[in-house]
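The values are calculated or read from the model by the stated rules, or taken from the named source; none is laboratory data. No experiment lies behind these values; they were computed from the predicted model shown. Positions of Cβ are generated from backbone atoms using ideal geometry, with glycine treated the same way; all protein chains shown enter the neighbour counts. Ligands, DNA and RNA are excluded from the accessible area calculation, which covers all protein heavy atoms including side chains. Shrake-Rupley method; radii C 1.70, N 1.55, O 1.52, S 1.80 Å.
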Amino acid sequence: HGKSEFNFLSLPLWVHSKECGIIARRVAFQTGYHDPEEAFVAGVLHDIGKLAILMKSSENFKNIQRHEQMFDSTSDQAEKVILGYTHMDIGGLLMKKWNMPESLYGCVYNHHTMTENQDRKSSLTDMVILGNYYSHVLKLKTGMDSPEKPDDIKNLLVRLDLNDEDEASLIKNIREDLSHSELFD
């Protein structure tokens, strides 16, 4: 029972992490980032704190999901209520403990943060934030072509120097990449 429950709860997490990595890699290619594979790894690892929560306590993990649904809250808001800390906090600690590069730590710890910094154009975190956004938008079936993006995503696209035409091309390529995503399973 325990292993099948873990598999059931972890599958959507794996699918989302894989999608985020694939999309972050595509954004890296399109923006000329020097290491698209680093973007892939950052995208796959971005929610490692959620996996840690699930592995430590599937009951807490389920309570967080229930809280999100009941109160229409984000995962980090629900985690703060249930645990007192977030999956970004846990993921950041893991990145430090495992001596991962600062760039990966930043992606894991800041993938829900839209703060400005001096050189966001080359920021791996922006690519992961965009990967996370597009992965969730796909799941909601709202259509990535919708012009109704949150302002912070619009600003992020500007920071990455992606205009409407670039984004349309990006979305087309993301759809193609994701159609082959089973190769990563």
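See the values below:
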| read-out | value |
| --- | --- |
| The listed residue being modelled with pLDDT of 75 or more, open to solvent by less than 70 Å² (accessible area, probe 1.4 Å) and not in a helix (DSSP H, G or I), out of 130, 162 | 162 |
| Subset of the range 1-25 (residues that are of a type in the set (D, E, K, R) and within 17 Å of residue 111 (Cα to Cα)) | 18, 19, 25 |
| Members of the range 57-99 found to be part of a loop (DSSP other than H, G, I, E, B) and in contact (Cβ under 8 Å) with a residue 24 or more places away in the chain, listed by number | 74, 83, 86 |
| Residue among 60, 99 that alone is out of contact with any helix residue (DSSP H, G or I) (no Cβ under 7 Å at 6 or more places or on another chain), at pLDDT 95 or above and of a type in the set (S, T, N, Q) | 99 |
| In the range 1-31, residue most open to solvent (accessible area, probe 1.4 Å) [restricted to those that are charged (D, E, K, R) and over 26 Å from residue 164 (Cα atoms)] | 3 |
| Search result, residues across the range 37-56 that are free of Cβ contacts under 8 Å to residues at least 12 places away in the same chain and crowded, with 16+ Cβ neighbours inside 10 Å | none |
| Given (1) open to solvent by 30 Å² or more (accessible area, probe 1.4 Å); (2) modelled with pLDDT under 95; (3) in a helix (DSSP H, G or I), index of the condition residue 34 fails | (3) |
